[in-house]
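Note sheet for the following structure.
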Amino acid sequence: MKEEGSMKAKDVMVRDVVTVKSNCEAADAIKLLVEHDISALPVVDEKGVVIGVISEADFIHREEIGTDKHHPWWLEALTPASTLAGEFAKSYGRHVSEIMSTRVISALEDTPLDEIATLLEKYRIKRVPILGNDGKLAGIVSRSNLIQALASSPPRTNTSAASDRQIRLELLDRLGRQPWTDFGARNIIVSEGVVHLWGLVSSEEEHKALIALAEGVPGVARISDEMFPSY
């Protein structure tokens, strides 16, 4: 049985997820992957329901860079037509709908982190879309989020995760109201009342302001400043 205080997906997930629509052009999806330095994009419909995933692996064999697959005739004869068709679509498709994987490995917000880790390992994927109770995309948990949680977690009591969760939610809410920063959920882990702030900051002023904002959240014991400047 899981401990009530064990960390769950909602404690570490990134909420401001970069997504793409199925009718988006492949070139635009590639730009999003590069601009946001991520390895995959959830594909959502008009209601925010995840209908697929498109990742950097889907663009390995592309006509534009001369890496599209060419099989010997004898291998083509042994390969199922559906497989050959799928490879062709990934190499020559011009829209996300033609390239994306429709098999989505997802989890719920209350899924314990050890189950998330099992999904990542079992399916050899780098991130898991997290769904809310309404079935819509609520966030995403990546391998790096789990590593951050591991690095931030000393031995804990059964009740600590619940209060840590409230601290993190309050901090994220306050951050979301600030026009001077885009520092987000992927950079924050709370463990035993300690707020761990990770990642790049654009100025010394933003650095100081982020610490001040975090210190003002009720229940925070101290700040672990693991940010580094890009200025």
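Filtering segment 20-39 to residues that are open to solvent by 70 Å² or more (accessible area, probe 1.4 Å) and more than 15 Å from VAL96 (Cβ to Cβ) leaves VAL34, GLU35, HIS36, ASP37.
Take VAL50 and tell me if it is open to solvent by 20 Å² or more (accessible area, probe 1.4 Å), under 16 Å from the mean Cα position of the chain (by Cα), within 15 Å of GLU109 (Cβ to Cβ) and not acidic (Asp, Glu). Judged against the criteria, VAL50 is a match.
If you go through segment 195-212 and pick out every residue that is open to solvent by 20 Å² or more (accessible area, probe 1.4 Å) and β-branched (Val, Ile, Thr), you end up with 1. Of all the residues in segment 190-231, those that are part of a strand (DSSP E or B) and under 22 Å from SER6 (Cβ atoms) number 7. Residues considered: LEU146, LEU108. Of these, the only one that is open to solvent by less than 50 Å² (accessible area, probe 1.4 Å), closer than 18 Å to SER6 by Cα and in contact (Cβ under 8 Å) with a residue 24 or more places away in the chain is LEU146. Within segment 201-212, residues that are free of Cβ contacts under 8 Å to residues at least 40 places away in the same chain sit with their Cβ atoms under 7 Å from residues that are in a helix (DSSP H, G or I), at 6+ positions apart or across chains, in these pairs: VAL201/HIS207; VAL201/LEU210.
Residue selection: ALA161 fails the criterion of being part of a helix (DSSP H, G or I) and either modelled with pLDDT of 90 or more or open to solvent by 30 Å² or more (accessible area, probe 1.4 Å) (or both).
Hey, could you check segment 1-11 for residues that are of a type in the set (A, V, I, L, M) and either surrounded by fewer than 21 Cβ atoms within 10 Å (Cβ to Cβ) or at pLDDT 90 or above (or both) and say which is nearest to ASP164 (Cα to Cα)?
Filtering segment 1-11 for residues that are of a type in the set (A, V, I, L, M) and either surrounded by fewer than 21 Cβ atoms within 10 Å (Cβ to Cβ) or at pLDDT 90 or above (or both), the one nearest to ASP164 (Cα to Cα) comes out as ALA9.
Restricting attention to segment 17-48, the residues that are assigned to a strand (DSSP E or B) and more than 19 Å from SER142 (Cα to Cα) total 1. Looking for something part of a strand (DSSP E or B) and either surrounded by 17 or more Cβ atoms within 10 Å (Cβ to Cβ) or in contact with a strand residue (DSSP E or B) (Cβ under 8 Å, 6 or more places away or on another chain) (or both) - is there at least one such residue anywhere in segment 168-188? Within segment 168-188 (the criterion being part of a strand (DSSP E or B) and either surrounded by 17 or more Cβ atoms within 10 Å (Cβ to Cβ) or in contact with a strand residue (DSSP E or B) (Cβ under 8 Å, 6 or more places away or on another chain) (or both)), the answer is yes, since at least one residue qualifies. Scan segment 12-29 for residues that are over 13 Å from ARG127 (Cβ atoms) and either modelled with pLDDT under 90 or not β-branched (Val, Ile, Thr) (or both) and the total you get is 11. Out of the residues in segment 120-148 that are of a type in the set (Lys, Arg) and part of a strand (DSSP E or B), state the one that is farthest from VAL12 (Cα to Cα). Per the criteria, the residue is LYS136.
The values are calculated or read from the model by the stated rules, or taken from the named source; none is laboratory data. Predicted, not measured: the structure shown is a model, and the values here were computed from it. When we count neighbours, we look across all protein chains shown, and the Cβ atoms used for this are built from the backbone with ideal geometry, even at glycine. Note: accessible area is taken over every heavy atom of the protein model, side chains too, but ligands, DNA and RNA are not part of it. Shrake-Rupley method; radii C 1.70, N 1.55, O 1.52, S 1.80 Å.
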